[in-house]
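Working notes, beginning with the structure itself.
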């Protein structure tokens, strides 16, 4: 039966769509080599690039790690909490993500479950052979399956997180066979399919830093966020993104996360923030996933305070209305105080009557939060007007 606990289940399919909780603690797992201040598979907490450098991470010895951490802080800002860990470059993404291996799990546990946004990046060793008949390395396809299993386990433990993986194996000559990530069921995983560098190494650190800089409800591609501040951007095979402009819509519709131009605007913008899941999944966007995760953490903090408390029951063995209203009020106030800017209106909290509380010592609740909408498509009719035609 296990020890007394609070259990919160995520309901899906509800949108009909085809104490301030920490929500921006990030983690980065990167292929690299041991340094003087950080061994392989050793989690470290840093708050700036300078702190990472003090651990020995340098351009000459750890080019990927230095680049990723540097790019993270360019966007997240100095002072942002980041947990880092290095793994040997022969370690597959699938093995890093595997819940049965103590790799990603080790970093998450070192941060005591506080990591809400995780990035993983790998630069394969020389001689590594990718299998990419679907325009993505099969290692990535396995990794997102494993990572979803891991994050579901951590959700159940009240330590929710969402993650970014690198789109290794992209090949512009294979795009007609591109895997459709929007037909997958991995709604906690986002695929980074772009690079700030001519070598095409996916810019997970940059994307993670941009993500951390935004409130939980905000889409990575919101134009009012501003452009990302880069002049040139590339797909993961080093192809300039501009070169494949005619394929942008198709890449977007299959769930790739990359940068695009909005003409009349300068700079580059994220195309969207889709996860590897279909349009019918309520959490098919990072911004929806992080919003529900924050609500989960806030509610858990309230409800755990009630655990094993004794309450008076009425003559029918039910919870008195005053107790029910008290719990509803606590939950509502916590959500409003912590998420006023992240959701629409107030939450709906229902505690059905007639529960046989004395027999089960358990109450069931329904808590619904209404997310903020996002302008996805804007259509306007434009024409000349002849006032004489109004007569």
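Miscellaneous remarks
- Looking only at region 163-195, and only at residues there that are in a strand (DSSP E or B) and under 13 Å from the mean Cα position of the chain (by Cα), the one that is farthest from residue 132 (Cα to Cα): 163
- Residue among 21, 34 that is surrounded by 14 or more Cβ atoms within 10 Å (Cβ to Cβ) and modelled with pLDDT of 70 or more: 34
- Selection status of residue 363, closer than 25 Å to residue 292 by Cβ, touching a helix residue (DSSP H, G or I) at 6+ places or on another chain (Cβ under 6 Å) and not in a helix (DSSP H, G or I): no
- Looking across region 300-310, just one residue is at pLDDT below 80 and surrounded by 12 or more Cβ atoms within 10 Å (Cβ to Cβ), and that is 306.
- Looking only at region 241-267, and only at residues there that are in contact with a strand residue (DSSP E or B) (Cβ under 7 Å, 6 or more places away or on another chain) and surrounded by fewer than 18 Cβ atoms within 10 Å (Cβ to Cβ), the one that is farthest from residue 278 (Cα to Cα): 262
- Filtering 238, 205, 226 for residues that are farther than 16 Å from residue 178 by Cα, assigned by TED's automatic domain parsing to the domain that holds residue 115 and crowded, with 24+ Cβ neighbours inside 10 Å leaves a single hit, 205.
- Residues in region 290-314 that are more than 30 Å from residue 163 (Cβ to Cβ) and in a helix (DSSP H, G or I): 1 in all.
- Among the residues making up region 340-373, those that are in contact with a strand residue (DSSP E or B) (Cβ under 8 Å, 6 or more places away or on another chain) and at pLDDT below 75 are 372, 373.
The values are calculated or read from the model by the stated rules, or taken from the named source; none is laboratory data. None of these values were measured; they are calculated from a predicted model. No Cβ is skipped: glycine too gets one built from the backbone with ideal geometry, and neighbour counts run over all protein chains shown.
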